[in-house]
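Trainee: Okay, here's the structure, questions in a sec.
The values are calculated or read from the model by the stated rules, or taken from the named source; none is laboratory data. Owing to the predicted nature of the structure, the values given are computational and were not obtained by experimental measurement. With ideal geometry, Cβ positions are generated from the backbone for all residues, glycine too; neighbour counts draw on all protein chains shown. The area values use the complete protein model at the heavy-atom level, side chains included, leaving out ligands, DNA and RNA. Shrake-Rupley method; radii C 1.70, N 1.55, O 1.52, S 1.80 Å.
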Amino acid sequence: MSVEPLLKVQGVQTFYGNIRALDGVDVHVNRGEIVSLIGANGAGKSTLMMTICGSPQARHGSIIFDGEDITQQPTHLIARRRIAQSPEGRRIFPRMTVYENLQMGAGLDKMKHFDEDVEKIFTLFPRLKERQSQRGGTLSGGEQQMLSIGRALMSRPKLLLLDEPSLGLAPLIVKGIFEAIKKLNEEEGLTVFLVEQNAFAALRLSHRAYVMVNGKVTMTGTGRELLTNPEVRAAYLEGG
Ligand code: ATP
């Protein structure tokens, strides 16, 4: 078995015009891990997620996924390598039903597994089964987040990228969603890289984590190490 990480980001710099949003980022995610990236607003977390998906592309550095250099590949080819993203703001299709949203996530080549995959998602998120004929735009925030994750899973990803899954959700709903992510990881071996402002929930869930400040990774450790680290506690956990 290969010991190479599933995802290896090295020295990545990403710019918006002349503004450097990522300044030499090194992170890696091993197969079967849940890894999180925490940091304040504007630190560059979403930019790293988007750079992994190819838009915007990194101007310097490299991104290796499953042994392939994807740094300069277009987004649609990166998606075909089975990196699935649940983006910030969820971006479900509001006029389509829950079921149709899931169909959109599957893609034509996954249609033969469609019924089986949809059943798995309905078992993971029974609420989606109850609401399968309802339009996406009329779901609650938590249900939309479940749908966004469910839709990403329909592509049978090797790596699931989650951008702020807890954003705007009540603590109990966040708990349910994070439990579902944990279950997917433990039972299916799904590899997950997530970006979170909710540092407490993310660190509790994650095997390892990175802290990002102003486009740079400033700290890394196991979820537990960072949960008890005084600097992390002062900056991201206390009062939260
Ligand atoms: P948040 O948690 O608030 O989403 P973040 O850590 O995900 O923050 P990013 O959204 O990656 O941070 O933003 C990093 C920096 O890049 C910020 O200074 C932001 O203003 C800038 N930025 C993000 N998107 C763009 C864009 N499309 N054009 C110009 N600058 C951008």
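Trainee: Could you work out the relative contact order of the stretch 131-240? I mean the mean sequence separation of Cα pairs under 8 Å and 6+ apart, divided by the number of residues, in percent.
Mentor: 19 percent.
Trainee: Counting only heavy atoms of protein chains, what accessible area per residue, in Å², does the stretch 145-198 have with a probe of 1.4 Å? Each step should come with its number before you reach the end.
Mentor: Numbers: 1960 Å² over 54 residues.
The answer is 36 Å² per residue.
Trainee: I'm a student and want to see the number: the projected area of the Cα convex hull of the stretch 90-161, averaged over all directions, in nm².
Mentor: Across all orientations, the stretch 90-161 yields a mean hull projection of 4.4 nm².
Trainee: Additional query: Label Gln13 and Gln72 with points 7 Å out from Cα along Cα→Cβ: what is the distance between them in nm?
Mentor: Each label point is offset 7 Å from its Cα along the Cβ direction, giving 1.7 nm.
Trainee: Provide the per-residue ³J(HN,Hα) series for the stretch 149-164, in order, calculated from phi with Karplus coefficients 6.51, -1.76, 1.60 and θ = phi - 60°, each as a whole number of Hz, with x at glycine and proline positions.
Mentor: Result, rounded to whole Hz: 5, x, 4, 5, 5, 4, 8, 6, x, 7, 9, 9, 9, 10, 9, 6.
Trainee: At q = 0.09, 0.16, 0.18 Å⁻¹, work out log10 I(q)/I(0) for the chain with the Debye formula, treating every Cα as an identical point scatterer and leaving solvent out; two decimals please.
Mentor: -0.36, -1.18, -1.44
Trainee: Ignoring ligands, DNA and RNA, what percent of the accessible area of the stretch 151-198 is carbon or sulfur (1.4 Å)? Mind dumping the intermediate values first?
Mentor: Details: 1030 of 1920 Å².
Of all accessible area on the stretch 151-198, carbon and sulfur atoms account for 53 percent.
Trainee: Skipping prolines and chain starts, which residues have an amide H placed within reach, meaning under 5 Å, of the one on Leu162, given they are 5 or more residues away or on another chain?
Mentor: When sequence neighbours closer than 5 places are left aside, the close amide H contacts are Ser86, Phe193, Leu194, Val195.
Trainee: While we're here: At 1.4 Å probe size, with the rest of the protein present, what percent of the exposed accessible area of the stretch 1-94 is carbon and sulfur atoms?
Mentor: 49
Trainee: In whole Hz, with x marking every Gly and Pro, tabulate ³J(HN,Hα) for the stretch 9-15 from phi via Karplus 6.51 cos²θ - 1.76 cosθ + 1.60, θ = phi - 60°.
Mentor: For the stretch 9-15, the Karplus-derived couplings read 10, 10, x, 7, 10, 10, 10 Hz, x marking Gly and Pro.
Trainee: Can you pick out the pairs among Lys120/Lys216; Lys112/Lys175; Lys45/Lys182; Lys8/Lys182 whose Cα atoms lie more than 30 Å from each other?
Mentor: Result: Lys120/Lys216; Lys112/Lys175 exceed 30 Å.
Trainee: Still on this model: Of all the C-alpha pairs in the stretch 1-80, what % are more than 17 Å from each other? Present the calculation step by step, with values, prior to reporting the outcome.
Mentor: Details: 1388 of 3160 pairs.
Tail of P(r) above 17 Å: 44 percent of Cα pairs.
Trainee: Going by average Cβ neighbours within 10 Å, how do the peptides 119-125, 31-37 rank, with the highest at the top?
Mentor: Packing proxy ranking, top to bottom: 31-37, 119-125.
Trainee: Please state the Cα pair-distance histogram of the stretch 156-240 with 10 angstrom bins from zero: what percent is in each bin?
Mentor: Per 10 Å bin, starting at zero, the Cα-Cα P(r) for the stretch 156-240 comes out as 16, 50, 31, 4 percent.
Trainee: How many nm separate the modelled label positions at Met96 and Glu187, each set 7 Å beyond the Cα in the direction of the Cβ?
Mentor: Distance between the two pseudo-spin positions: 2.5 nm.
Trainee: Please work out the C-alpha center-to-center distance from the stretch 164-240 to the stretch 8-42 and express it in whole Å.
Mentor: Distance between centres, Cα-based: 15 Å.
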